[in-house]
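The values are calculated or read from the model by the stated rules, or taken from the named source; none is laboratory data. Note that the structure is a prediction, hence the values are computed from the model and not measured. In this analysis, Cβ positions are derived from the backbone assuming ideal geometry, glycine residues included, and neighbour counts consider all displayed protein chains.
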Amino acid sequence: MKRLVQDERPLVAIMVDGDSISARAGDSLATALALAGRLRLRASPNAGAPRGAFCHMGVCQECVLHVDGALRQACLTPVRAGMAVELRGVP
Amino acid sequence: MTHDLIVLGAGPAGANAAMTASQAGLKVALLDEQDGAGGQVWRQPLPGLTGLPVSAEARSGDALRARIAASKVDLRFGRRIWSVGGGFRVDALGPQGNETVEAPSLIAATGAHERVVPFPGWTLPGVIGLAAATVLIKSQGVTPGRKVVVAGCGPLLVAVAAGILKLGGDVAGIVDLAGRRDWLAALPSLATQPRLLGRGLGWAVKIGAARVPLHFGHAVKAAQGEQALERIVIAPVGGDGAYASGAEMTFEADALCIGHGLVPGAEVTKLLRAEHRFDRLRGGFVPVLDAYGRTTVERLFACGDGAGLRGAIIAEQAGRLAGLTAAHDAGALPADRFAQIADPILAAISRARPFSDAMAGIMALRPAQVAAIAPETVVCRCEDVTRSEIDAAHEAGAHDLNQLKHFTRCGMGPCQGRMCGDVAAELLASKVGSRERAGYWTGRPPLRPVPFDALMGAFDYSDIPIPEPAPL
Amino acid sequence: MIHDLAVVGGGVHGATVALFAARGGMDVTLLERGALCREASGVNAGTLTMQMTRVALIPYALRAHAMWASTRQWLGHEVGVVICDGLSLAFTEREEELLTYRAGKRREAGAPIELITGAQASAVEPGVSDTVRLAGYCRVDGFANAYLTGLAYRRALLDAGVALREYMPVIGVEREAGSFALQTPAGLVRARRIVLAGGVWLEPMLAWLGVHLPIKTLVNQLAVSERVAPVMRTVVGIANGLLSLKQYPHGTVVIGGGWQGLGDRERGGVELLPDRLIGNVRLACHAIPALRSARLARAWAGLEAETKDALPAVGPVPGVDGAYVCGSVHSGYTSGPYIARLLADHLLGREPELPLFPIDRLLSPGDAARGRA
């Protein structure tokens, strides 16, 4: 994934599974993660297959993550400075 | 009652419904999960992202947002609607927790969502929907990858490919289920909307100029990669969507944008137990409506793609009509005035029908494509249920969709059967005889998953209205 | 063709009667207007607890629990049963009194329930709230996956040679010499004896025979979370019986307890009341605080039958030789297989191990004497 338009929004640092990642404030968290190369967001329940954001509009629920301790859909969550994101680790 | 009318969904249909009813004197609440009006088709850009290219759609969206802001409609954005009860009561999670609005009339304008007919590897990270791609391109200024393949069927194919090119990105190929002939056959109907056809042709020219490889009459047979998409395999298909003889081709790709039409999100009308019928052209089970948008439930109306796929132009008009009808039925608009305003709208809808039907036809689910799904392919993403498990469940006695759910967990995951439902129903229908027999998921709350925390709000144990003890 | 036995209604009660009657040598047909175990039997919370079972039914529930724990032996197929500890919680002084009284009564009836402190409850269930004042603790507890019931019984019934007629509504019954003729859209189905096992629809079914048995229809709301990391290891309820809570091996948490929605036996459970759903969820999250960060994935309603004294309707239909009724058991899923097997024993000419629940007590004197000749 790659941003192709000029982006003046502030760059902020967020934590993802303990790693610091740079992202644009207000970006969709799902997009921010993909821009940082993090496409795999969970493992499927039976096969343990890699899964990531699919619909980017809040329907498919593939992008549900822990954000600051609460379960949120990454594609519906705007990036905020200092946000702490954890991949679920639960099928 | 807090309002005279509640409108659910602020896309072209809902926003227009709300404004029209408000102009007729009703006190209207308009609820949407997004932060502003526009729905999916006219989604507003991310705040602060100013570098996005200008487009006709963006202008339409901005115009809508300006009009709604200037109206008297009670705007409730950022609301996740989770419960709709008869009479009508709507519960939604907003910034302050759970909110309730009540009104004697309700308009459901909840839009449509992506349909993707599964194929091996479609669940790999890097594979996204076509509508998903438009979100990334139009409101976020992002291209899905460096080597993007756009595939599936319908008008979104061209729109997405052109959108990526317009941003300055590359499209590695377009894989269209339809053949050139199918598009040519649709041309006369598409020509009834010259402006839209012109826009589409402009996209086609752009794609041609960029020399994007075009593969008509082909489908993605498989997506492959370890942790994410690395390559795709495409194969020729017949007019019905089933694989045909001919060479397969493999391409490197790091992003696949794929979609096979849209499914109407008729969850609110199903929840309220309105009568529905199966309409393949309109995308699936849709509420039974009269010409004005009335459902079989008193004072419940539906419009826009959520009530059956008709596209944005008809959505706007149907929205105005539903708002008008709601106002009339509530006694706010005398019959002659109502007819005066409604008749031109009905005429506009009629004129837009050929284009709308042609588009819907290109996007409609092809049964042969579903029949061709390989056995080990995941159909229900949430619960990892494969096609062969669905077939086995039918053998074991599951003859309708709700029964299938009990046998396999297909549809029990958090997407609530939205991603898999249409395809699972089509698989069952091929065995039980019809989509009507296969049925649809029973409508239940919550309309979307909602966090317990937000639902409950702050409370003390003594606040809980515990009923009388069970008999001993 | 006249079957020995026709069972009308394919829930746990009807299916179990049919199963054991067939295995006992009878020629059995089962008619179900929908699919097997898709009503109460398929949508209940699956709780197999003594702590929400009526005192009078404890002896039956204990034996049914043993059946649920051994489905492989008698049903031949799994329904995802998990046997685990159960806790019934008291958070207030009033609840402590209620719990002490109720646990005592149930213990007298044979349920091995001990009263333990909040601290002991935390040792049993680390995820439980630290505001628990007193808890009923029982090792004979657990849960099944209700939605797997239909599939399991279907296979068992077919293996046992039951003539299974799903999607076959019965619309009336005619008495013929020495047999019954059940009216269906596909024609008449005849049997020497019939068992009406229609749950909330027992009232209209018995009306076919001219018997008036009022059956109240409860509309129970249930809710389930999406799959979450483990938050609990027991079955949790509260003193007054209005919470049931468990987490399945695949991670979802089911919340129940009998909070009422809107509906009736004609239309089914048509609407869930949001305030009651929230009340039920609050109770659950109060008991297991870690649940708060989960999301509600779905809610639904199921119909439960209740007689006037909230005790079962199991036994012969007075005044109608050869007709029997089986159902309307409070917490019917829990006790169902055992109670139904007792009726099957009776039909096979054996003395049931425990008494049935004849419905004479529920009928007005006129009804008890009447019956279609």
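Take the residues in the stretch B:443-454 that are touching a helix residue (DSSP H, G or I) at 6+ places or on another chain (Cβ under 6 Å) and not charged (D, E, K, R); name whichever of them is farthest from B:Leu404 (Cα to Cα). Among those residues, the one meeting the criterion is B:Phe452.
Of the residues making up the stretch A:10-41, those that are aliphatic (A, V, I, L, M), surrounded by 17 or more Cβ atoms within 10 Å (Cβ to Cβ) and over 15 Å from B:Gln140 (Cα atoms) number 6. From the list C:Gln183, C:Gln120, the lone residue that is of a type outside the set (A, V, I, L, M), modelled with pLDDT of 95 or more and under 26 Å from C:Met26 (Cβ atoms) is C:Gln183.
Among what's in the stretch B:437-472 and is outside any loop (DSSP other than H, G, I, E, B) and within 7 Å of chain C (Cβ to nearest Cβ), pick the residue that is farthest from the chain's Cα centre (by Cα). So the residue we want is B:Tyr461. The single condition from (1) under 30 Å from A:Gln6 (Cα atoms); (2) surrounded by fewer than 24 Cβ atoms within 10 Å (Cβ to Cβ); (3) out of contact with any Leu (no Cβ under 6 Å at 6 or more places or on another chain) that B:Pro125 fails is (3).
Being at pLDDT 95 or above, in contact with a Lys or Arg (Cβ under 7 Å, 6 or more places away or on another chain) and facing chain B (nearest Cβ under 9 Å) is the filter; apply it to the stretch C:240-269 and report the residue that is farthest from C:Trp300 (Cα to Cα). Per the stated criteria, the residue is C:Thr252. When B:Ile164 is tested against the conditions (1) touching a residue at least 60 places away in the same chain (Cβ under 8 Å); (2) in contact with an Asp or Glu (Cβ under 8 Å, 6 or more places away or on another chain), the lone failure is (1).
Could you please let me know if C:Ala299 is facing chain B (nearest Cβ under 8 Å), on the phi > 0 side of the Ramachandran plot and surrounded by fewer than 23 Cβ atoms within 10 Å (Cβ to Cβ)? Spelling it out, it is not the case that C:Ala299 is facing chain B (nearest Cβ under 8 Å), on the phi > 0 side of the Ramachandran plot and surrounded by fewer than 23 Cβ atoms within 10 Å (Cβ to Cβ).
Restricting attention to the stretch B:261-283, does a residue exist that is closer than 30 Å to A:Gly48 by Cβ and either out of contact with any Cys (no Cβ under 7 Å at 6 or more places or on another chain) or of a type outside the set (Val, Ile, Thr) (or both)? Checked the stretch B:261-283: at least one residue is closer than 30 Å to A:Gly48 by Cβ and either out of contact with any Cys (no Cβ under 7 Å at 6 or more places or on another chain) or of a type outside the set (Val, Ile, Thr) (or both). The conditions of being without any contact (Cβ under 8 Å) to a residue 24 or more places away in the chain and more than 14 Å from chain B (Cβ to nearest Cβ) are met by C:Arg72. Of the residues making up the stretch B:38-70, those that are touching a helix residue (DSSP H, G or I) at 6+ places or on another chain (Cβ under 9 Å), more than 20 Å from B:Gly168 (Cβ to Cβ), away from chain A (no Cβ under 14 Å) and among the charged types (D, E, K, R) are B:Arg65, B:Arg67. Scanning the stretch B:106-143 for residues being part of a helix (DSSP H, G or I), hydrophobic (A, V, I, L, M, F, W, C) and more than 20 Å from B:Asp422 (Cβ to Cβ) gives a total of 3. Among residues belonging to the stretch C:232-248 that are in contact with a helix residue (DSSP H, G or I) (Cβ under 6 Å, 6 or more places away or on another chain) and within 13 Å of C:Glu125 (Cβ to Cβ), point out the one that is surrounded by the fewest Cβ atoms within 10 Å (Cβ to Cβ). That would be C:Leu245.
Note on the stretch B:239-259: among residues that are touching a helix residue (DSSP H, G or I) at 6+ places or on another chain (Cβ under 7 Å) and under 20 Å from B:Leu130 (Cβ atoms), the one that is surrounded by the most Cβ atoms within 10 Å (Cβ to Cβ) is B:Cys257. Closer than 23 Å to C:Ser225 by Cβ, more than 8 Å from chain C (Cβ to nearest Cβ) and at pLDDT 95 or above, is that true of B:Thr408? Considered against the rule, which asks whether it is closer than 23 Å to C:Ser225 by Cβ, more than 8 Å from chain C (Cβ to nearest Cβ) and at pLDDT 95 or above, B:Thr408 comes out as yes. Among the residues of the stretch C:281-290, is there at least one that is of a type outside the set (Val, Ile, Thr), more than 8 Å from chain B (Cβ to nearest Cβ) and assigned to a strand (DSSP E or B)? Scanning the stretch C:281-290, I find no residue that is of a type outside the set (Val, Ile, Thr), more than 8 Å from chain B (Cβ to nearest Cβ) and assigned to a strand (DSSP E or B), so the answer is no. Of all residues in the stretch B:169-182, those being under 30 Å from B:Gly145 (Cβ atoms) and out of contact with any strand residue (DSSP E or B) (no Cβ under 8 Å at 6 or more places or on another chain) number 1. If you go through the stretch C:1-25 and keep only what is assigned to a loop (DSSP other than H, G, I, E, B), touching a helix residue (DSSP H, G or I) at 6+ places or on another chain (Cβ under 7 Å) and over 30 Å from C:Gly241 (Cβ atoms), you end up with just C:Gly24. Please tell me if B:Ala312 is part of a helix (DSSP H, G or I) and under 21 Å from the mean Cα position of the chain (by Cα). Considered against the rule, which asks whether it is part of a helix (DSSP H, G or I) and under 21 Å from the mean Cα position of the chain (by Cα), B:Ala312 comes out as yes. Checking each residue of the stretch B:360-370 against the condition of being surrounded by fewer than 23 Cβ atoms within 10 Å (Cβ to Cβ) and either of a type in the set (Phe, Trp, Tyr) or within 14 Å of another protein chain (Cβ to nearest Cβ) (or both) gives no match.
The residues of the stretch B:146-190 that are within 14 Å of chain A (Cβ to nearest Cβ) and at positive phi, listed by number, are B:Gly152, B:Gly168. Take C:Arg282 and decide whether it is without any contact (Cβ under 8 Å) to a residue 24 or more places away in the chain, more than 17 Å from the chain's Cα centre (by Cα) and over 30 Å from B:Gly97 (Cα atoms). So C:Arg282 fails the test. One residue is enough: does the stretch B:349-369 have a residue meeting the conditions without any contact (Cβ under 8 Å) to a residue 40 or more places away in the chain, touching an Asp or Glu at 6+ places or on another chain (Cβ under 8 Å) and in a loop (DSSP other than H, G, I, E, B)? For the stretch B:349-369, residues without any contact (Cβ under 8 Å) to a residue 40 or more places away in the chain, touching an Asp or Glu at 6+ places or on another chain (Cβ under 8 Å) and in a loop (DSSP other than H, G, I, E, B): absent.
Taking the conditions (1) within 12 Å of chain B (Cβ to nearest Cβ); (2) farther than 30 Å from C:Ala22 by Cβ; (3) of a type outside the set (Phe, Trp, Tyr); (4) not in a helix (DSSP H, G or I) in turn, C:Pro126 satisfies each one other than (1). Number of residues in the stretch B:229-238 that are in a loop (DSSP other than H, G, I, E, B), in contact with a strand residue (DSSP E or B) (Cβ under 9 Å, 6 or more places away or on another chain) and surrounded by fewer than 20 Cβ atoms within 10 Å (Cβ to Cβ): the value is 1. Across the stretch B:76-92, the qualifying residues are those that are touching a Gly at 6+ places or on another chain (Cβ under 9 Å) and more than 11 Å from B:Leu8 (Cβ to Cβ), and the one among them that is nearest to the other protein chains (Cβ to nearest Cβ) is B:Asp91. Condition check: crowded, with 19+ Cβ neighbours inside 10 Å and under 26 Å from C:Glu125 (Cβ atoms). Does C:Ser335 satisfy that? For C:Ser335, the condition - crowded, with 19+ Cβ neighbours inside 10 Å and under 26 Å from C:Glu125 (Cβ atoms) - is met.
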